[in-house]
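Presented below is the structure to which this report refers.
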Amino acid sequence: MILERVEVENVRNIEAAGIDLCPGLNVLSGANGAGKTAVLEAVHLLLRGRSFRTRSIETIIRSGGNGLTIRAEIRDPTRGESKIGLTKDRAKNTQLRRDGVAVANASEVAALLPVQVLLPDLADLVFGPPSSRRQWLDWGTFHVKHEYLATLRNYLRAIRQRNGALRAGDQEAIRLWGEQAGELGERVTEERQHYVDLIDTRLSSTLAMLSPELNIVLRHEPGWRGDSLANEMRQHTPQDVKLRSTQAGPHRGDVRIEIVPKSTQGAPQPAAHMLSRGQGKVVASAMKLVQAQHLSSEMERPSLFLIDDAGAELDKEHRDRFFGMLKDQSYQILATTTDSDWLLGGYPFTPAALFHVEHGHIEPINQN
């Protein structure tokens, strides 16, 4: 799938704008606050069903507007073109359509075109809380097996119900929801573990090209122990009642990112304790890149990269290697920058398109 056109109305400081994108590198250039990131946010909101900046739709809708609209045209070489449209108003009413037909679940649109997002805080994938790594893990697992999302949602619903029963002291409900959460949680764990195994085998080769000095492994921590999650929940019920929430399960899981020492006698160390901020962004970039590589090679589904403040926190050497790999693997990219010269001049993508953004207005720039 290729994102061919995006139209945005009433998103942040953008009243109305439309741009035609090329299959290669698309650069949004302009001063800070011009509206560059708002375009990326709009694409993410349409294709992923949520903003990467906030959960409050009121802050996304342009001041003075009653609602926002985002439209896109997506082309598949074999399946043809699809038109996607999203509207949201301040009352949180949402309409999502594909080719004029209402779409019930945002995941149906998300499955069309995998989106990789690289923001200035990308290093938080390494240094941040487990929730950021679970999000990375669940996104990848979903794109390998779309049914996974329903299993995960049902599991989280069972956990919410069990937590409500814990607060109410309803022992029978605790038992029943624990049994359901246990069964679903084991399936979530199995799918997550399978995905981590797939990605971990690819990560070393990608890092060898991006940052040869780093030897990283990924280890899935499921958030529970033993052979049965339901049994573990039963055993921990008294503690859970005191804490008023379920302590064991995939909702407490993590992906442990470890540095493997060159010496065979040394033990792996947590990357978050050993790496600099810049190195953390290199590792996080590799994790995003490996996800895209897996989808491209194994499932023939190329990803769209949304890159905000392109090159931030990466030194020139790693920046050159990363964008060189994106170029060599022919990903479609929509990137923002305050300085387009280094991006367009240093990486001769073919094709490439440049847009100037100022006060919410977007104009294509002829590079000839």
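Structure data summary
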read-out: Top-ranked residue in the range 261-292 [being open to solvent by 40 Å² or more (accessible area, probe 1.4 Å) and of a type in the set (A, V, I, L, M); ranked as farthest from Leu207 (Cα to Cα)]; value: Ala267
read-out: Any hit, the range 309-322, residues being touching a helix residue (DSSP H, G or I) at 6+ places or on another chain (Cβ under 6 Å), crowded, with 18+ Cβ neighbours inside 10 Å, aromatic (Phe, Trp, Tyr) and not in a loop (DSSP other than H, G, I, E, B); value: yes
read-out: Test: Ser297 is outside any strand (DSSP E or B), touching a Pro at 6+ places or on another chain (Cβ under 9 Å) and surrounded by fewer than 15 Cβ atoms within 10 Å (Cβ to Cβ); value: no
read-out: Residue in the range 121-135 that is open to solvent by 30 Å² or more (accessible area, probe 1.4 Å), polar (S, T, N, Q), free of Cβ contacts under 8 Å to residues at least 12 places away in the same chain and assigned to a loop (DSSP other than H, G, I, E, B) present; value: no
read-out: Residue list for the range 171-222, filter: open to solvent by less than 50 Å² (accessible area, probe 1.4 Å), polar (S, T, N, Q) and either under 14 Å from Thr246 (Cα atoms) or part of a helix (DSSP H, G or I) (or both); value: Thr189, Thr206
read-out: Count of residues meeting criterion [in contact with a helix residue (DSSP H, G or I) (Cβ under 8 Å, 6 or more places away or on another chain) and among the charged types (D, E, K, R)] in the range 1-60; value: 5
read-out: Selected residue (criterion: nearest to Asn231 (Cα to Cα)) from residues of the range 136-170 that are open to solvent by less than 40 Å² (accessible area, probe 1.4 Å) and among the charged types (D, E, K, R); value: Arg162
read-out: Counted residues, the range 153-170 - those being part of a helix (DSSP H, G or I), touching a residue at least 40 places away in the same chain (Cβ under 8 Å) and of a type outside the set (Ser, Thr, Tyr); value: 6
read-out: Residue that is modelled with the lowest pLDDT, among those in the range 323-368 that are on the phi > 0 side of the Ramachandran plot and open to solvent by 80 Å² or more (accessible area, probe 1.4 Å); value: Ser330
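Conditions (1) touching a Leu at 6+ places or on another chain (Cβ under 6 Å); (2) within 30 Å of Gly311 (Cβ to Cβ), marked per residue:
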residue: Tyr195; (1), (2): no, yes
residue: Ser205; (1), (2): no, yes
residue: Pro212; (1), (2): no, yes
residue: Gly226; (1), (2): no, no
residue: Ala230; (1), (2): no, no
residue: Val241; (1), (2): yes, no
residue: Ser245; (1), (2): no, no
residue: Gly253; (1), (2): no, no
residue: Pro270; (1), (2): no, yes
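Every residue, every condition in (1) at pLDDT 95 or above; (2) assigned to a loop (DSSP other than H, G, I, E, B); (3) at positive phi; (4) open to solvent by 70 Å² or more (accessible area, probe 1.4 Å), yes or no:
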{"residue": "Arg50", "(1), (2), (3), (4)": "no, yes, no, yes"}
{"residue": "Ser63", "(1), (2), (3), (4)": "no, yes, no, yes"}
{"residue": "Leu68", "(1), (2), (3), (4)": "yes, no, no, no"}
{"residue": "Glu73", "(1), (2), (3), (4)": "yes, no, no, no"}
{"residue": "Thr78", "(1), (2), (3), (4)": "no, yes, no, yes"}
{"residue": "Ser82", "(1), (2), (3), (4)": "no, no, no, no"}
{"residue": "Val109", "(1), (2), (3), (4)": "no, no, no, no"}
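The values are calculated or read from the model by the stated rules, or taken from the named source; none is laboratory data. This structure is a prediction, so every number in the text was calculated from the model and none was measured. For neighbour counting, all protein chains shown are included, and Cβ atoms are generated from backbone atoms with ideal geometry for every residue, glycine included. Surface areas here come from the heavy atoms of the whole protein model, side chains and all, with no ligands, DNA or RNA. Shrake-Rupley method; radii C 1.70, N 1.55, O 1.52, S 1.80 Å.
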